[in-house]
Amino acid sequence: MGISMNLVPYLVGDLHISAAKSATMVTNFMGTLNLLGLLGGFLADGKLSRYVTVAISAAITSLGVILLTVATTIPSMRPPPCDDYRRQHHECIEANGRQLALLYVALYTIAPGCGGIKSNVSSFGSDQFDVTDPKEENAMIFFISRFYFGISIGSLFGVIVLVYIQDNIGRGLGYGISAATMVIALAVLLCGTPWYRFKRPQGSPLTILWRVLFLALKKRNQSYPSHPSLLNDYENRKVPHTKRFKCLDKAAVLDDDCAASTNKNKPCVVSTVTQVEEVKMVLKLLPIWSTCILFWTIYSQMTTFTIHQATAMHRTVGSFVIPAGSFSAFLVITILLFTSLNEKVFVPLARKLTHNVQGITCLQRIGIGLILSIAAMVGAAVVEKERRERAIQKEIKLSAFWLFIQFFLVGSGEAFAYVGQLEFFIREAPDRMKSMSTGLFLSTISMGFFVSSLLVYIVDHATKKSWLRTNLNKGKLNNFYWLLAALGFINLLVFLILASRHQYRTHLPIKPESREEELKSLNNEMIEDVEKKASIQSLKNIEP
């Protein structure tokens, strides 16, 4: 947070890169970071284990932040300073490729390291709880909120203390502190090793995914068996058999080639019902996954254009000038506030009203987050319009504290959406794919940042650079915010439709173990149906 939240002012102010290009650089970096979380999840689930992946990723992150410290300390890595007059007339010399090279190396060393941590540390934390024990299962519900509370405390330190040091003392020192704390964090992780619970990797989930899809395609012309119990390894399935994505069941069809007992255990010949159902679980996450992306597109504006807005607003309190990046503290404080309220107020109250252990369901949390993000963009558009009119017509700078509106709404939305999405992807995913599912969640954040970069590119070219300009008074940033609000509203409608149709994993019915039991069940249903119809017919025959 200490890096990403204050990177745009450095790129614009010190390296003289345009606001639109700087925003794209930051969102591409954050997008790559979260996308590589998916790779970290694959490695943890398939080969290295979550603990080893987190430890290696922390070491890589430490190296990346050290390189970033060097890149921002060496004077030759920056173009000549530029005064206000030349900046207003766009005459500043922009940093060249050689000067940006080390910065890019540093950022894209940090990306895989942070991605590996983010995709595995929460799952590794959840591994410390035994879900078969009611007390530990209840404790795990609060773990995710407390986990995120801890992240927010670190973020608050980053955006207040580190951003101030970067702007007023030196970038090198600010990033140097980040590097030192990362090394300390790695040491703390290693010191706790004797007390952890470990789960061995159960094979690459990616291998299972592509193998089931390949076999289903290969056997597409095969006929379905007369009953699901005839599918491979049906009697030993670990999850209920479902009718969704029925076409994938063909991967578990026992044809002539795999009828022999020796071939039933060959993954390249036939899949098991459990493997097929696990792939179905992952596919079932994708519709909700797609509707979570736009929330993070809106969130990304808090790290780019909102910070750039702050540089053009009144930031002085007495004789103290608040760094533009430090205004994101409103975002973190709001997240801390609502995370605490969720645990102490909202969840207990919701439990009493709904009689549900979770209180507010995962999808309800996400829905609340989406609504708040739309409200944030409406508020941001109104504030920017007022700021621009005052600056042009009255030559008065609007107070940067008005940015509290969008920070508060996005922060409260994130407190709901982040926890809701993380819990949704962990709970709904197969047990052997928890880290990968966390990576899938992180990929929504990644795609959100990439969509932001794409929107900036499209809007910049479609409006001929009239909306998004380095000099905000000459642009129309408020129109960009209105566009995001409109897209967010459409996305919310799609989410509500998909969420209403989603069936939680714990609600899936267990099918009978054998074909005989299935036939007996069907027979009972038919008898009940006949009796019901006979009863209705007898009532119709009674004269009034």
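With a Förster radius of 25 Å, plug the Cβ-Cβ distance of residue 235 and residue 504 into 1/(1 + (r/R0)^6) and report the FRET value to the nearest 0.05. Show your work: numbers first, answer last.
Values: r = 25 Å, r/R0 = 1.01.
Using R0 = 25 Å, I get an efficiency of 0.50.
Projecting the Cα atoms of 132, 367, 306 onto the charge dipole of the chain, computed from C-beta unit charges around the Cα centre, puts 306 farthest toward the positive end.
Relative to the current alpha-carbon distance between residue 390 and residue 200, full extension at 0.36 nm per residue lengthens the span by 62.3 nm. Spin-label model, residue 135/residue 84: points 7 Å from Cα along the beta carbon direction are separated by 6.5 nm. Taking 0.36 nm per residue of separation and subtracting the current Cα-Cα distance, fully stretching the chain between residue 96 and residue 47 would add 13.6 nm.
Nothing charged except the Cβ atoms of Lys and Arg (+1) and of Asp and Glu (-1): what's the magnitude of the dipole of the stretch 86-168 about its Cα centre? Round to the nearest 20 debye.
Computed charge dipole of the stretch 86-168: roughly 460 debye.
Note on the stretch 268-425: with charges restricted to the Cβ of Lys and Arg (+1) and Asp and Glu (-1), its dipole about the Cα centre is near 360 debye. Spacing of the modelled spin labels on residue 207 and residue 316, each 7 Å from Cα toward Cβ, amounts to 6.6 nm.
What trypsin sites (Lys or Arg not before Pro) in the stretch 396-481 are in a loop by DSSP, with at most 16 other Cβ atoms within 10 Å of the Cβ? The partial results should precede the final answer.
Values: sites: 397, 427, 432, 434, 464, 465, 469, 474, 476; in loops: 397, 464, 465, 469, 476.
For trypsin sites (Lys or Arg not before Pro) across the stretch 396-481 that sit outside H, G, I, E and B with at most 16 neighbouring Cβ atoms in 10 Å, the list reads 397, 464, 465.
Where nothing but the Cβ of Lys and Arg (+1) and of Asp and Glu (-1) is charged, how large is the charge dipole of the chain around its Cα centre, in debye to the nearest 20?
840
Ellipticity at 222 nm from helices only: DSSP H runs of n ≥ 4 in the chain, each -39500 (n - 2.57), divided by the residue count, give -22000 deg cm²/dmol.
For the chain, which whole percent of the accessible surface, found with a 1.4 angstrom probe, sits on carbon and sulfur atoms?
Details: 16320 of 25610 Å².
After summing per-atom areas, the C and S share lands at 64 percent.
Since only 227, 416, 22 are under comparison, the one whose Cα sits farthest along the positive direction of the charge dipole of the chain, derived from C-beta charges on Lys, Arg, Asp and Glu, is 22.
The length gained by stretching the chain between residue 180 and residue 497 to full extension, at 0.36 nm per residue less their Cα-Cα distance, is 109.4 nm. For the chain, the per residue solvent-accessible surface stands at 47 Å², with DNA, RNA and ligands left out and a 1.4 Å probe.
Counting other Cβ atoms within 10 Å, which GluC sites (Glu not before Pro) in the stretch 367-406 have at most 14 and lie in a DSSP loop? Can you show the working numbers first?
Working: sites: 384, 386, 389, 395; in loops: 395.
Sparse-neighbourhood loop GluC sites (Glu not before Pro): 395.
Computing FRET efficiency as 1/(1 + (r/R0)^6) for residue 349 and residue 142, where r is the C-beta to C-beta distance and R0 is 22 Å, gives about 0.90.
Sorted from longest to shortest, the spans of the Cα atoms of the stretch 7-81 along the three principal axes equal 49, 25, 13 Å.
The values are calculated or read from the model by the stated rules, or taken from the named source; none is laboratory data. In this text the structure is predicted, and so the values were computed from the model without any measurement. Using ideal geometry, Cβ is built from the backbone for each residue, glycine included, and neighbour counts are taken over all protein chains shown. Accessible surface is based on the protein model in full, side chains and every heavy atom, while ligands, DNA and RNA are left aside. Shrake-Rupley method; radii C 1.70, N 1.55, O 1.52, S 1.80 Å.
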